[in-house]
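First the structure, in the form of structure tokens, and then the observations on it.
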Amino acid sequence: MSSRWQDVFNHLIGAGYEVYSPAQKIGECESPYVVIRSAGVYEAGGDISSTRALYDIMLYIPFGKYSTIEPAMTALKESMKGLFPMIRPTYSETPPYPDDLVKGFMISVQYENYRKM
């Protein structure tokens with residue numbers, strides 16, 4: 001049985017992305033890659049009997065390639081449209097963050113999936 005996290009993972013692999021789960025990638029960022037992280041499950045609220053699962057899609061870009069961040073993120077979000085309406089954007093995106101441990105910039109975008117309780 002597949003999970004929604006696995007659906008996102010498999011979709012991005014199929015779209016040609018180098019994809020990892022958290023703490024799986026070791027070493028410096030030498031080419032763009034994506035990390036998918038579960039970001040919690042919350043009650044949907046109101047009279048809706050469902051939960052809202054969140055997923056952070058983190059894009060890593062090597063230092064020295066800052067100008068490629070925006071087009072790479074645009075392409076990633078375009079690819080994620082293939083999972084709509086099952087996986088929907090929350091329109092929450094972080095600014096690029098320089099990650100000295102991997103020698104790259106990280107920018108993330110958040111998606112959600114509603115599940116019946």
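Worth pointing out:
- Selection count where residues are in a strand (DSSP E or B) and either farther than 22 Å from Asp7 by Cα or charged (D, E, K, R) (or both), scope segment 43-52: 2
- Residue that is surrounded by the most Cβ atoms within 10 Å (Cβ to Cβ) [pool: residues in segment 58-88 that are among the small types (Gly, Ala, Ser) and closer than 18 Å to Ile36 by Cβ]: Ala72
- When segment 1-32 is filtered for residues that are touching a Gly at 6+ places or on another chain (Cβ under 9 Å), buried (at least 17 other Cβ atoms within 10 Å of the Cβ) and under 20 Å from Ile87 (Cα atoms), only His11 remains.
- Evaluating Thr68 against the criteria (1) closer than 20 Å to Asp7 by Cα; (2) in contact (Cβ under 8 Å) with a residue 12 or more places away in the chain leaves one unmet condition, (1).
- Tyr55 of a type outside the set (Lys, Arg), touching a Cys at 6+ places or on another chain (Cβ under 6 Å), surrounded by 12 or more Cβ atoms within 10 Å (Cβ to Cβ) and not in a loop (DSSP other than H, G, I, E, B): no
- Scope segment 93-107; condition out of contact with any helix residue (DSSP H, G or I) (no Cβ under 9 Å at 6 or more places or on another chain) and within 20 Å of Val41 (Cα to Cα); matching residues: Thr94
Just so you know, all these numbers are worked out from the coordinates, no wet-lab data involved. Note that the structure is a prediction, hence the values are computed from the model and not measured. Reconstructed Cβ throughout: ideal geometry from the backbone, glycine too, with neighbour counts over all protein chains shown.
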